[in-house]
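The values are calculated or read from the model by the stated rules, or taken from the named source; none is laboratory data. The model shown is predicted, which means the values in this text are computed figures rather than measured ones. Positions of Cβ are generated from backbone atoms using ideal geometry, with glycine treated the same way; all protein chains shown enter the neighbour counts. Note: accessible area is taken over every heavy atom of the protein model, side chains too, but ligands, DNA and RNA are not part of it. Shrake-Rupley method; radii C 1.70, N 1.55, O 1.52, S 1.80 Å.
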Amino acid sequence: MYNSIKYFEEECIKRFEKLEDDFIKNPKKLAEYVLGLTEELHNLGLKMIQESLEEMNQMLRKSPKRLQHWVVESHDTKQLITSLGAVTFEKTLFTNKETGESEYLLDRIMGLEKHERITEDALARMLKESVQTSYRRGGEETSLTTDVKKQTVKNKIHALEFPKNKEKPEKKKEVEYLYIEADEDHASLQFREKKGDLIENENHRKNNCLITKLVYVHEGIENEAPQSKRHKLVNPYYFCGTSYGEENAEFWDEVYEYINNHYDLDKVKKVYLSSDGGSWIKSGMKRIAGITYVLDEFHLEKYLIKLTSHMKDSKEDALDELRAAIRSKTKQDFEEIVDRLEDCLVDETGLKRIATGREYILSNWTAAKLRLRHQNRVKGSSTEGHVSHVLSNRMSSRPMGWSITGATKMAKLRAYELNGGDMLELVRYQKRDLQKAAGAEYDVLSSTQMIQSEKNRHGELGKYTEYISHSMSLQNKKIVNFNAHIWGL
């Protein structure tokens, strides 16, 4: 740190003064002033990081504890990519006397994996950008000065593991009604196992579709503001995955575990599951006892419109009649109405549309009936909007192709980000089960050494700080005189 502060006093202050002088002469160039200061501070930060790393490496070389088990093998120049920029520094390769294994001990005490050249803060920036835009942009935003290849970004995301929400509040929430909404999106695959394995069927369509799953739990809907017409979910929590990412039972077990850990289920009158009736949703809801499945409002209305779109002026009357039949009558009553609507059609396309609508509602009859009967308690569904916001916006709204692993990890990363997850904590979570390197059982640096070294450095810095304070006082006097000259004070 001593050399960095010396550099600040001897080089940076002069440049700061020059930048300020130029700004005062031409106050319209505030942008140039800000950019110039940013560059100088940025360079100073990189020098401080470099010096700190090299000082720690020097402490390892001098450490008596290290000398007991490790000998110097070579001195190398390495580059480490931080969020501030690329730092080039010297570090020492040591060899263990007992095992013969070689290791950069500086990497060990900093917690860096072998051959790792990107710091945790830089990886967190990479993930934060990649989850919103693309692998390429994630690589560009990893560091302020150094780009990372999109292949590297892809490899990091493919290797991600996500923590389960094991949080157990001291007091569980007590709510009368709890809501689960589920839907899916479809991502396009580049390949399934290897490139070229997407086979066309008789309709010349490839099997390149991957289902991405979305489930979210919430406590209801409220206005964003007192006078606002916009609504928001109350305390939502998101779960995402794919049809290949994990077993469907495991996916729903995670949903149930979250609900059980956070809510007093004895106080919940009803748990409503709103969805479009997908098979993975119907099979999953069996994992949660006491759930009430209702058809989501969007899909119910979509298929009712299919049945009545040809009725023109009588369309609203037909819709009301169908809703009444679903709400309080039988399947036979419903089918009689559909038969009358079908008699008004002669074209094959219309008949197919009627058949599709009839089949969908009949196959989800109980769920459709509950949706219309429980209108006061079942909130309007927002699954389509959430699918667009959570999944489609990143994974399918623009032409792009995924691998199964990439789509699964990105879906989970989107949920992690929406749940307020900290990307830095996610990066650190990846190191939870790392195996120790050979010789890791030996101490290489004692805390006493570290503390004593810091005291020595602080003593040097204290003396130099006095010198800097005196120099800054002289600089301030010069600036005041300069200002008085420019502005005629």
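Being assigned to a helix (DSSP H, G or I) and buried (at least 18 other Cβ atoms within 10 Å of the Cβ) narrows it down to one residue among LEU46, LEU67, LEU41; which is it?
Numbers: LEU67 fails: buried (at least 18 other Cβ atoms within 10 Å of the Cβ); LEU41 fails: buried (at least 18 other Cβ atoms within 10 Å of the Cβ).
That would be LEU46, the only listed residue that is assigned to a helix (DSSP H, G or I) and buried (at least 18 other Cβ atoms within 10 Å of the Cβ).
Condition check: under 21 Å from MET48 (Cβ atoms), in contact with a Gly (Cβ under 8 Å, 6 or more places away or on another chain) and hydrophobic (A, V, I, L, M, F, W, C). Does LEU106 satisfy that? Reasoning before the result, please.
On the way: under 21 Å from MET48 (Cβ atoms): yes; in contact with a Gly (Cβ under 8 Å, 6 or more places away or on another chain): no; hydrophobic (A, V, I, L, M, F, W, C): yes.
For LEU106, the condition - under 21 Å from MET48 (Cβ atoms), in contact with a Gly (Cβ under 8 Å, 6 or more places away or on another chain) and hydrophobic (A, V, I, L, M, F, W, C) - is not met.
Does TYR135 satisfy the condition of being out of contact with any strand residue (DSSP E or B) (no Cβ under 9 Å at 6 or more places or on another chain), crowded, with 20+ Cβ neighbours inside 10 Å and aromatic (Phe, Trp, Tyr)? Give the derivation first.
On the way: out of contact with any strand residue (DSSP E or B) (no Cβ under 9 Å at 6 or more places or on another chain): yes; crowded, with 20+ Cβ neighbours inside 10 Å: yes; aromatic (Phe, Trp, Tyr): yes.
Yes.
Checking LEU144 against (1) more than 26 Å from GLN79 (Cβ to Cβ); (2) in contact with a His (Cβ under 9 Å, 6 or more places away or on another chain); (3) not aromatic (Phe, Trp, Tyr), which test does it fail?
Unmet condition: (1).
Between a first residue in segment 412-429 that is open to solvent by less than 60 Å² (accessible area, probe 1.4 Å) and in a helix (DSSP H, G or I) and a second residue that is of a type in the set (Gly, Ala, Ser) and at pLDDT 95 or above, which pairs have beta carbons less than 8 Å apart while being 6 or more apart in sequence or on different chains?
Listed pairs, sorted by first residue: LEU413/SER130; MET423/ALA124; LEU424/ALA124; LEU426/ALA124; VAL427/ALA124.
Answer yes or no as to whether VAL255 is farther than 16 Å from SER283 by Cα, open to solvent by less than 60 Å² (accessible area, probe 1.4 Å) and in contact with a Phe, Trp or Tyr (Cβ under 9 Å, 6 or more places away or on another chain).
no
Looking only at segment 268-277, how many residues end up being surrounded by fewer than 15 Cβ atoms within 10 Å (Cβ to Cβ) and at pLDDT below 85?
The number of residues fulfilling the criteria is 0.
Identify all residues within segment 205-214 that are surrounded by fewer than 18 Cβ atoms within 10 Å (Cβ to Cβ) and either acidic (Asp, Glu) or over 29 Å from ILE259 (Cβ atoms) (or both); write none if there are none.
The initial filter retains those residues of segment 205-214 that are surrounded by fewer than 18 Cβ atoms within 10 Å (Cβ to Cβ), namely 205-207, 209, 211.
Within segment 205-214, ARG205, LYS206, ASN207, CYS209 qualify.
The rows are residues; the columns are (1) at pLDDT 85 or above; (2) over 20 Å from SER279 (Cβ atoms); (3) crowded, with 18+ Cβ neighbours inside 10 Å.
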{"site": "GLU174", "(1), (2), (3)": "yes, yes, no"}
{"site": "GLU181", "(1), (2), (3)": "yes, no, yes"}
{"site": "HIS186", "(1), (2), (3)": "yes, no, no"}
{"site": "TYR216", "(1), (2), (3)": "yes, no, yes"}
{"site": "ILE221", "(1), (2), (3)": "yes, yes, no"}
{"site": "PRO226", "(1), (2), (3)": "no, yes, no"}
{"site": "LYS229", "(1), (2), (3)": "no, yes, no"}
{"site": "CYS240", "(1), (2), (3)": "yes, no, yes"}
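Of the residues in segment 84-96, how many are open to solvent by 30 Å² or more (accessible area, probe 1.4 Å) and over 11 Å from GLU73 (Cα atoms)? Reasoning before the result, please.
Taking segment 84-96 first, the residues open to solvent by 30 Å² or more (accessible area, probe 1.4 Å) are 84, 88, 90, 93.
Narrowing further to those that are over 11 Å from GLU73 (Cα atoms): 84, 88, 90.
The total comes to 3.
Out of the residues in segment 149-196 that are more than 30 Å from GLY290 (Cα to Cα) and acidic (Asp, Glu), which is nearest to the chain's Cα centre (by Cα)?
Checking each candidate, the answer is GLU161.
Output the residues belonging to segment 288-321 that are surrounded by 16 or more Cβ atoms within 10 Å (Cβ to Cβ) and farther than 26 Å from GLY385 by Cα.
Scanning segment 288-321 gives HIS310, ALA318, GLU321.
Output the residue which, of all residues in segment 138-161 that are surrounded by 15 or more Cβ atoms within 10 Å (Cβ to Cβ) and of a type in the set (A, V, I, L, M, F, W, C), is farthest from MET395 (Cα to Cα). It would help to see each step written out before you state the result.
Just the residues of segment 138-161 that are surrounded by 15 or more Cβ atoms within 10 Å (Cβ to Cβ), to begin with: 138-144, 146, 148, 150, 152-154, 156-157, 160.
Keeping just the survivors that are of a type in the set (A, V, I, L, M, F, W, C) gives 144, 148, 153, 157, 160.
Numbers: LEU144: 26, VAL148: 21, VAL153: 16, ILE157: 14, LEU160: 17 Å.
Result: LEU144.
Matching residues to (1) assigned to a helix (DSSP H, G or I); (2) open to solvent by 40 Å² or more (accessible area, probe 1.4 Å); (3) more than 30 Å from ILE337 (Cβ to Cβ):
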position	(1), (2), (3)
THR366	yes, yes, no
LYS369	yes, no, no
LEU372	yes, no, no
VAL378	no, no, no
VAL387	yes, no, yes
LEU391	yes, no, yes
SER397	no, yes, yes
